[in-house]
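The values are calculated or read from the model by the stated rules, or taken from the named source; none is laboratory data. Because the structure is predicted, anything quoted here is derived from the model rather than measured. Virtual Cβ from ideal backbone geometry, glycine too; neighbours counted across all protein chains shown. These accessible areas exclude ligands, DNA and RNA; they are computed on the full protein's heavy atoms, side chains included. Shrake-Rupley method; radii C 1.70, N 1.55, O 1.52, S 1.80 Å.
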Protein chains: 2
Amino acid sequence: MNKNKDVAGEEQSGALMADVARLAGVAISTVSRALANPGRVNEKTRAKINAAARQLGYTPNAMARGLRVGKSNIIMIILPGSLYYGVSQIIPQVLQSINKSLIQGGYNLMIANLDRDELSERHILDLAFGGSVRGVIILSSKLPEVDGRSLANSGLPIVSMLLDMSDAGLLSVVTNDREAVRDVTAELIRLGHRRFFYIAGPEGNYHDVERYGGVIEALEAAGLSEERVRRSGGHLDYQHGFDIGVQAADDFATLRERPTAVIATSDDMAISFVSRIQRAGLSIPGDLSVVSFDGSPVCEFSSPPLSTIEQPVEEMGRAAVDLLLDALGQTQNPTARTVIPSRFILRESIAAPKN
Amino acid sequence: MNKNKDVAGEEQSGALMADVARLAGVAISTVSRALANPGRVNEKTRAKINAAARQLGYTPNAMARGLRVGKSNIIMIILPGSLYYGVSQIIPQVLQSINKSLIQGGYNLMIANLDRDELSERHILDLAFGGSVRGVIILSSKLPEVDGRSLANSGLPIVSMLLDMSDAGLLSVVTNDREAVRDVTAELIRLGHRRFFYIAGPEGNYHDVERYGGVIEALEAAGLSEERVRRSGGHLDYQHGFDIGVQAADDFATLRERPTAVIATSDDMAISFVSRIQRAGLSIPGDLSVVSFDGSPVCEFSSPPLSTIEQPVEEMGRAAVDLLLDALGQTQNPTARTVIPSRFILRESIAAPKN
DNA sequence: CGATTTATAGCAAACGTTTGCCAAAAATCG
DNA sequence: CGATTTTTGGCAAACGTTTGCTATAAATCG
């Protein structure tokens, strides 16, 4: 059927700029300018060209343009390998927010998963060095690097989100993890709590360091020793938040002198911890106050409703895109850190300790 | 500093195939064949070329290749506008699973959000008709269409996931919504339940139709009238699952003859419903059995732990990619429907009715 | 009205690959 | 050893745009 190359073919395989030019009776270059540049072509000609383009259903070929101008309009987002967080909607929200902002700027979003294997690193580097991609937003603390190629010297602008990587020379958009936890701990101290239980994320992870740091700062500020807080966890990734919480409940049960307040680094941990603790006969907030991090909507429907520190995910996404698009202009990337404050949501899981 | 065009420049802006050819002492075409075709070039030459390529850190330019061969290696996934589901991790899991499968096939994943505005439709169509994209996976029931261009006749292979759109001629990968709900309803009937409460998704939505259909089928099979089930909800989208559940709890309270079993179309709905119902003094499963759909991990940590029908998200993702990649070969897309069975997770939220 | 400026349109050369076709070299055969 | 086949490598033309430069037409001026 389509062996015959003479058939019109307007329908099947897409009109070309040349077709539009022919129909409008102008040169190809004029069509190009009419569709892109603002004032370079006469208003009447432009109208004629637009009409022709619409009539043919013409859509410019993105790869041809990209090749010619040496830039793509695709932004890559690098997600941590396992984005299987139980209850938080961080990843979908990030994607949505970023994609929305990008589209307004005429860009597209490509996603890449950074696992711990060399294959995924290589894949990302191919994207970066193969000219497919114009800029990068990264949600992982590791910059892909293999065989001498490193994302760091791909020449692409990179913005780190959620994690502060300004030390590594990256623009970073984060929330105020440390202060937020410091403030909420201070509030717990003010309520009378003196013994704390901290449920940790993976040891050394930015969020864990910051949030734990916040606890310590609050203790210090109140003249309390670091001994006042017991750590649980630290060896599992956030994606195993429920397991961490379950484990923490076991840990908790073994303590002789029981803490009266729990600070969890994710809502997942808090939820499974609370579930197990209640099953063991303790009551919240009667015996134990609980607060966690993320701001997952479901916390409202726990019993009791859980207090949580809400991450300003959408704002961070928007800020990351703004920063990235700005950086596309400059040649020299300024290194900076943008902090978007979180929001503490106080619910019934917090009270003064019993005596 | 880089005004001088004579500097080596191996570092900065990427080596070209020509550079590799020069270093290896062969022609460009030989390099091209060495890197792509299997047996077309002598083993020794190939080794030399590979060495040169590695030494220069050469990465082929994807857009140039794409332009030349007339195909991109990007798959677009179209997500429904608001993917803000409270507790289910469906979207991240889908993305992860799909991306993983795609990468193995040498493809990349681009995401597109289909909102209800013309802008997002136009954007998707530009991607599809602009040659940027090689195939489409769609998670929305609406095919973008504007100004005479429609995704349906973009010539791209399209696979629908989660929703059955085989009627519209699309390859579809779904789970057995209807049967799963039918079976679980039958089980509730077997336990002695005779009055049901159904918490609905948006009226007319595929999932709602199927799942409600399952309830009705089970009733019929047991010789019970449709009157046995009360519907609540139907006007809000799944993204407002918590609100639907809260509303449903209010509805429930107004009923004179109270149902003894609740079937919710999403975990979100079940969770907020349960929260409110318990606050009103009812006990689960003592007064009321509850089951829902999605299989969110957090259901295990509710009190009581919630029974739920788990969607086989990863398998569906893999299947969708397999189907799509197959379709890239054929010219004629067969229209078919692939059903991946769900898995019922029985937990303590279900029991026999009181009397 | 001729000369100079300004607006508009066209020609053709890129962008970095892939690939059809041909030539040279190597291997095989009679 | 010459003739034929097979392997291997190179030339150059695409792919669909953008854009520097040039040519024409229109407008302005002395």
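Between B:V209 and A:D167, the simple label model (points 7 Å from Cα in the Cβ direction) yields a spacing of 5.6 nm. Between identical copies, the spacing of B:N355 label points, each set 7 Å from Cα toward the C-beta atom, reads 5.0 nm from nearest to farthest.
Quick check: from the Cα gyration tensor, does the protein assembly as shown come out rounded (a/c under 1.5), prolate or oblate? In terms of gyration-tensor shape, oblate. Using θ = phi - 60° in the Karplus curve 6.51 cos²θ - 1.76 cosθ + 1.60, the 3J(HN,Hα) couplings for the range B:132-137 round to 6, 10, 9, x, 9, 10 Hz; x is entered for Gly and Pro.
According to the calculation over all Cα-Cα pairs in chain A, the P(r) per 20 Å bin from zero is 26, 42, 22, 10, 1 %. Could you tell me the distance between the Cα centroids of the range B:227-294 and the range A:296-318, to the nearest Å? Taking the Cα centre of each part, the range B:227-294 and the range A:296-318 sit 23 Å apart.
Residues whose amide H lies under 5 Å from that of B:A261, counting only those 5 or more places away or on a different chain, are B:R195, B:F197, B:S289; hydrogens are built 1.01 Å from N in the peptide plane.
The solvent-accessible area of A:R318, taken with every protein chain present and a 1.4 Å probe, is close to 110 Å².
For the pair the range A:120-189 and the range B:99-122, the centres of their Cα atoms are 23 angstrom apart. Using R0 = 60 Å, the C-beta based FRET efficiency linking A:N355 and A:E43 works out to 0.15.
Between A:I28 and A:L16, the simple label model (points 7 Å from Cα in the Cβ direction) yields a spacing of 0.6 nm.
Restricting attention to chain B, close to 10% of DSSP beta bridges with both partner residues there are antiparallel. For the range A:92-107, a drop of 20 Å² or more in accessible area on going from the chain alone to the assembled protein chains (1.4 Å probe) is found at A:P92, A:Q93, A:L95, A:Q96, A:N99, A:I103. Heavy-atom accessible surface of chain B, averaged per residue, reaches 45 Å², computed with a 1.4 Å probe. In terms of accessible area, using a 1.4 Å probe and ignoring ligands and nucleic acids, A:S160, B:S303 rank largest first as B:S303, A:S160. In the protein assembly as shown, the portion of solvent-accessible area held by carbon and sulfur atoms comes to 47 percent [1.4 Å probe, whole percent, DNA, RNA and ligands not counted]. Placing pseudo-labels 7 Å out from each Cα toward the beta carbon at A:N153 and B:E220 gives an inter-label distance of 7.0 nm.
Taking amide H positions as modeled 1.01 Å from N, with prolines and chain starts lacking one, the residues under 5 Å from B:N176 and 5 or more places away or on another chain are B:I340, B:S342. The amide H of B:S160, built 1.01 Å from its N in the peptide plane, has B:I138, B:L171, B:S172, B:V173 as neighbours under 5 Å, considering only residues 5 or more places off or on other chains. The interface between chain A and chain B buries about 5100 Å² of solvent-accessible area in total (1.4 Å probe, ligands and nucleic acids excluded).
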